[in-house]
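Presented below is the structure to which this report refers.
The values are calculated or read from the model by the stated rules, or taken from the named source; none is laboratory data. Predicted, not measured: the structure shown is a model, and the values here were computed from it. Because the Cβ atoms are built from the backbone with ideal geometry, glycine has one as well, and the counts that use them run over all protein chains shown.
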Amino acid sequence: MKNIKLVATDLDGTFLKDDQSISIKNLKALRNLGDAKIVRVAATGRNLHKAEQVLNKHIPFDFIVFSSGAGVFDCKNKKHIYSKNIEKKSTTKLINYFIEKELSFHAFFPVPENHKHWYFRGEKHCEEFERYFQFNNAFASEIKTDKIPDTNLCQFLIIIPEDKKEFEKLKNKIEAISPEIRVIRTSSPITKGFIWVEVFQKSVSKGNGVKHICDLLDIKYSDTMGIGNDYNDIDLLDFTGHSFITENAPAEINKLYKSAPSNENDAFAFITQPILK
């Protein structure tokens with residue numbers, strides 16, 4: 001662990017407490033990593049706009065891997081250094097399929113403007129879809145069936161009640177539409193009991209976002225540490241050399257990596273303590 005050169009952490013449910021605040025111990029650990037010249041990466045499912053709502057200029061991350069790896073932002077130089085969007089030929093197929101199946105969905109602008117999005121309401125009411133829309137309607141535009149977006153897109157979001165079999169069924173159907181895409185499962189950060197079905201370009205992952213930073217800075221992959229708490233962190237934890245999962249993670253994935261305390265009990269400070277001694 002003394003060779004660690006980069007530490008990457010998920011935000012919601014990992015680095016952040018449940019009320020989205022940052023503990024004193026976690027903040028101190030983050031600053032101590034900087035003093036030790038260790039690269040600090042926030043790897044989040046949030047878009048950059050939403051990540052910056054909880055990470056102000058006094059929270060010293062060096063990079064933000066946002067939207068589950070669809071983009072990477074260099075915090076020091078204030079610039080985007082990587083992005084990966086779904087090509088227009090695939091987005092058109094996906095939008096037409098979702099409309100045909102009367103699925104409610106959000107379709108997000110290409111990185112770096114992907115806090116903006118289009119939406120479509122299907123025939124089946126979904127209370128979680130409406131909750132998400134309520135939080136994000138300032139940047140939303142409705143899709144009209146006679147005028148669908150004709151552009152590359154960062155991602156799609158469909159929300160379903162928590163049901164593993166239904167998720168796998170929907171995942172297989174969506175991924176069959178285009179070889180360019182992949183579907184990622186995320187537990188809803190708004191309400192328990194719902195799955196966020198997120199559709200990205202197939203190479204998008206938190207792990208690939210961190211890999212891009214390692215290649216840029218000539219850091220060995222084995223000299224990295226990662227921590228997360230959910231399904232969309234698996235790619236990150238499979239990439240980092242030393243990987244931890246918080247005890248508040250879903251039981252299905254809780255035993256896959258080294259154990260860390262919950263996000264309410266300074267998980268980030270706990271895992272970084274051995275490399276800061």
Being among the charged types (D, E, K, R), closer than 28 Å to Glu127 by Cβ and modelled with pLDDT of 95 or more narrows it down to one residue among Glu180, Glu198; which is it? Glu198
Extreme residue, surrounded by the fewest Cβ atoms within 10 Å (Cβ to Cβ), among residues of region 1-39 that are under 22 Å from His80 (Cβ atoms) and touching a Cys at 6+ places or on another chain (Cβ under 9 Å): Val39
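Yes or no, residue by residue, for (1) in contact (Cβ under 8 Å) with a residue 12 or more places away in the chain; (2) over 30 Å from His212 (Cα atoms); (3) touching a His at 6+ places or on another chain (Cβ under 7 Å):
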| position | (1), (2), (3) |
| --- | --- |
| His80 | yes, no, no |
| Glu102 | yes, yes, no |
| Asn114 | yes, no, no |
| His117 | yes, no, yes |
| Gly122 | yes, yes, no |
| Phe129 | yes, yes, no |
| Phe139 | yes, no, yes |
| Glu142 | yes, yes, no |
| Glu180 | yes, no, no |
From the set of residues in region 84-100 that are of a type outside the set (A, V, I, L, M, F, W, C) and crowded, with 21+ Cβ neighbours inside 10 Å, which is farthest from Gly209 (Cα to Cα)? Thr91
Filtering region 69-92 down to residues that are part of a strand (DSSP E or B) and not small (Gly, Ala, Ser), which residue is farthest from Leu217 (Cα to Cα)? Ile86
Any idea which of Ile245, Ile234, Ile227 is at pLDDT 95 or above, surrounded by fewer than 23 Cβ atoms within 10 Å (Cβ to Cβ) and either closer than 29 Å to Met1 by Cβ or not small (Gly, Ala, Ser) (or both)? Ile234
Show me the helices (runs of 4 or more DSSP H) found entirely inside region 118-218 where at least 3 residues are outside the structural domain of Thr44 (by TED's automatic domain parsing) and farther than 30 Å from Leu6 by Cβ. 127-136, 164-175
In region 145-186, what residues are polar (S, T, N, Q) and either closer than 15 Å to Phe108 by Cβ or crowded, with 17+ Cβ neighbours inside 10 Å (or both)? Thr151, Asn152, Gln155, Ser178, Thr186
Given the conditions (1) crowded, with 18+ Cβ neighbours inside 10 Å; (2) among the aliphatic types (A, V, I, L, M); (3) over 24 Å from Ile275 (Cβ atoms), every one holds for Ala42 apart from (3)
Select from region 103-138 the residues that are exposed (fewer than 15 other Cβ atoms within 10 Å of the Cβ) and either in contact with a helix residue (DSSP H, G or I) (Cβ under 8 Å, 6 or more places away or on another chain) or over 23 Å from Lys171 (Cα atoms) (or both) and list them in ascending order. Glu113, Gln134, Phe135, Asn137, Ala138
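This table checks each residue for (1) more than 21 Å from Val111 (Cα to Cα); (2) not in a loop (DSSP other than H, G, I, E, B).
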residue	(1), (2)
Ser21	yes, no
Asn32	yes, yes
Gly45	no, no
His49	no, yes
Name the residues in region 198-230 that are basic (Lys, Arg) and over 18 Å from Leu153 (Cβ atoms), would you? Lys206, Lys211, Lys220
Quick count over region 228-277, residues being farther than 13 Å from Phe15 by Cβ, assigned to a helix (DSSP H, G or I) and touching a Lys or Arg at 6+ places or on another chain (Cβ under 8 Å), is 5
Criterion (in a strand (DSSP E or B) and either touching a strand residue (DSSP E or B) at 6+ places or on another chain (Cβ under 9 Å) or without any contact (Cβ under 8 Å) to a residue 40 or more places away in the chain (or both)) met by exactly one of Ile64, Ile95: Ile64
